[in-house]
Amino acid sequence: MLLHHVEALEILLQGLCGVHRERLRIHEMCLKSGPNLGLVASEVRLLCDLEQPEPAWTVKHVGGAMRGAGAEQISVLVRTMVESKASKNVLRVFYALGYKLDHELLRVGFAFHFQRGAQITITVSSVNKMLKLHATDEAVPVTPGIQLVEVTAPASSENYTEVVAAMSSFCEYLAP
Amino acid sequence: MPVKWVLHWQPNAGTTVNSQILTEVSQCVEGINGVKEGRWKATLTFYRPMLREQANMAEFPRDFLGISLPEQPNKYYFVIRGQRLVLEADLTIQTIMERLQSYKARVALNFEGFQYQLGDFQLRVGKVVPNHAESLRGILMEVEYLPISSWDKSHQIMEEFFDIWQEALSKRSLPGHFVHIEPSFGEFGLSEQYTSQHTAIQYASIVAQMIATAQSAQSVRN
C-alpha cells in the first residue's frame with residue numbers, strides 16, 4: 001500500500017484491534033543449502049528482532065502452499081510454517097552446516113497482535129535491502145513509497161477452517 | 001543456574017563397562033548418604049549430512065549433535081564441537097531440521113538413571129545406552145552444586161567433592177574410574193556463568209571421548 005495511506009490504516013487498526021501497536025524492526029536472512037547438501041535444495045529463514053533489548057533470533061521454515069480442490073475454496077493462502085527461537089550464534093551454526101546467505105532484508109514498520117476468532121498478527125512494513133552485508137543501518141527501501149501489509153494467523157490441521165474464517169472476516173474491514 | 005560437572009566412566013585398559021559397575025557406583029552414592037529421588041533421562045542424537053555426492057563429505061561437520069536435557073524440557077541443543085559452536089533452541093528446531101532434509105538424525109544415545117540428593121549437591125548416575133538397544137555403552141554421572149552458578153568460583157568445592165567421591169569409590173576396587181573433562185567454554189562463546197549450554201558441551205565432549213576410547217580399543221584388538 002502507498003505510504004500516505006499508512007497513517008489512516010494505523011488509526012483503523014488501532015480501533016479494530018483494541019491493542020497498542022508494536023514497533024517492528026526485523027532483519028531477515030534467507031539461507032539456502034549449498035550445492036551438494038540435501039537430496040533436494042532447502043531454504044531456511046533467520047529472523048533477528050532488533051527492537052528487543054538484546055537481538056532476539058528466530059529460525060523459520062515455511063513450507064509449500066496448500067494445494068488442491070480444498071485450497072481453491074479457501075480465500076487465504078495456507079502454508080506450513082515452523083518457528084523456533086534460537087540463541088545468538090544461529091547464523092554461524094547454519095553456515096557451519098553448509099547453508100549460504102541467499103538474500104537479506106530489513107522490515108521496518110509496526111505490528112498489531114490481537115485475538116479475533118484466532119490469534120491474528122497484522123504487520124505494516126517497508127521492505128528494505130542492505131547495500132553492504134548485514135548493514136542494517138544503511139538499508140534502503142526495495143519499493144520506495146510502498147509498504148507491505150501482511151495478515152497471518154497460526155493454525156493446526158484441526159482448526160484451520162475456523163482460522164481461515166476469522167482472517168477472511170477481519171480482512172473485509174481492510175478492503176478499500 | 002547451579003554449576004554442574006559431568007563425569008564419565010573410563011574403564012581400565014583391556015576391560016569394558018558393565019552393569020555390575022553401574023550397580024556398585026549407585027550403591028556407593030547411597031553409601032555416602034545420597035538420598036534417591038527419582039529418574040532422569042537425557043538424549044543425544046548424531047546428525048549426518050544428506051549429500052548428493054559422497055565425495056565431498058569433508059565439507060560438512062561430522063560432529064553435529066542434538067541434545068535434550070531433563071532440566072530444560074522445552075529446549076533443544078545443537079553442538080558442533082569441531083567448530084566450537086553451541087546453540088540453544090526450542091524443541092521445534094527438530095521439526096525444522098526434519099523439514100529441511102539436509103541432515104538426518106542417525107544414532108541416538110540415551111543417558112538414564114537415578115537422581116540423588118546429598119546436602120547441597122544433586123547427583124545423577126546413569127547408563128549410556130543406544131536408543132534401540134540394551135547394550136551398555138558407558139556410565140555417566142552429573143554432580144551439581146546448587147549454591148553456586150559461577151564456574152570459576154565453584155572449582156575448589158567441586159574438586160574437593162570429586163576427590164571425596166573418588167576415594168569412596170576406590171574402596172570398591174572397580175576396573176576403572178570417573179574422569180572429568182573440562183571443556184574451554186570460552187571458545188564456545190560462553191561466559192563462566194553456568195547454563196544448560198555448558199551442560200550440552202560437556203555431554204558432547206564425553207561422547208567424543210567415549211568414541212575415541214572405543215575406536216582405540218578396536219584398533220588394539222585388530
*asked:* Using the Karplus curve 6.51 cos²θ - 1.76 cosθ + 1.60 with θ = phi - 60°, what ³J(HN,Hα) values do you get for each residue of region B:77-92, in whole Hz, with x for Gly and Pro?
replied: 10, 10, 10, 10, 4, x, 10, 6, 10, 9, 10, 9, 9, 6, 4, 5
*asked:* For a quick check, take a GNM of chain B with Cα springs below 10 Å and name the residue from B:18, B:56, B:33 with the largest mean-square fluctuation.
replied: B:56
_P(r), alpha carbons of chain B - 5 Å bins starting at zero, rounded %_ = 1, 6, 14, 18, 19, 17, 12, 7, 3, 2, 0, 0
*Work out from phi, with θ = phi - 60° and the Karplus expression 6.51 cos²θ - 1.76 cosθ + 1.60, the ³J(HN,Hα) of each residue of region B:43-48, listed in order in whole Hz, and give x for Gly and Pro.*
9, 10, 10, 8, 9, 10
_Solvent-free Debye scattering, log10 I(q)/I(0), computed from the Cα coordinates of chain A at q = 0.13 Å⁻¹_ = -0.79
*Most exposed first by the Cβ proxy, i.e. fewest other Cβ within 10 Å, how do B:78, B:114 rank?*
B:114, B:78
_Loop-only trypsin sites (Lys or Arg not before Pro) in region B:124-222, please: DSSP not H, G, I, E or B, and at most 16 other Cβ atoms within 10 Å._
B:171, B:172
*Got a sec to turn the phi values of region B:143-157 into Karplus ³J(HN,Hα) couplings, 6.51 cos²θ - 1.76 cosθ + 1.60 with θ = phi - 60°, whole Hz, x for Gly and Pro?*
10, 10, 10, 5, x, 10, 10, 9, 4, 5, 5, 7, 4, 5, 5
*Average partner chain C-beta neighbours within 10 Å, per residue of A:37-44?*
6
*Return an integer: the convex hull volume of the alpha-carbon atoms of region B:33-127, in Å³ per residue.*
116
*Listing B:163, B:63 from the residue with the fewest other Cβ atoms within 10 Å to the one with the most, what is the order?*
B:163, B:63
*asked:* Check which residues have an amide H placed less than 5 Å from residue A:85's amide H, if you skip close sequence neighbours.
replied: A:59, B:90
*For the protein assembly as shown, what does the equivalent ellipsoid look like in terms of its semi-axes, each the square root of 5 times an eigenvalue of the Cα gyration tensor, given largest first in whole Å?*
49, 23, 20
*Calculate the radius of gyration of the Cα atoms of region B:147-222 to one decimal place, then report Dmax, the largest Cα-Cα distance, as a whole number, both in Å.*
15.6, 48
*Per-pair calculated FRET efficiency, R0 = 30 Å: residue A:60 and residue A:174 via Cβ, rounded to 0.05*: 0.80
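Since every read-out is calculated from the coordinates, none of them should be taken as a lab result. Everything numeric in this text was worked out from a predicted model, so none of it was measured. Here Cβ is always computed from backbone atoms with ideal geometry, including for glycine, and neighbour counts include all displayed protein chains.
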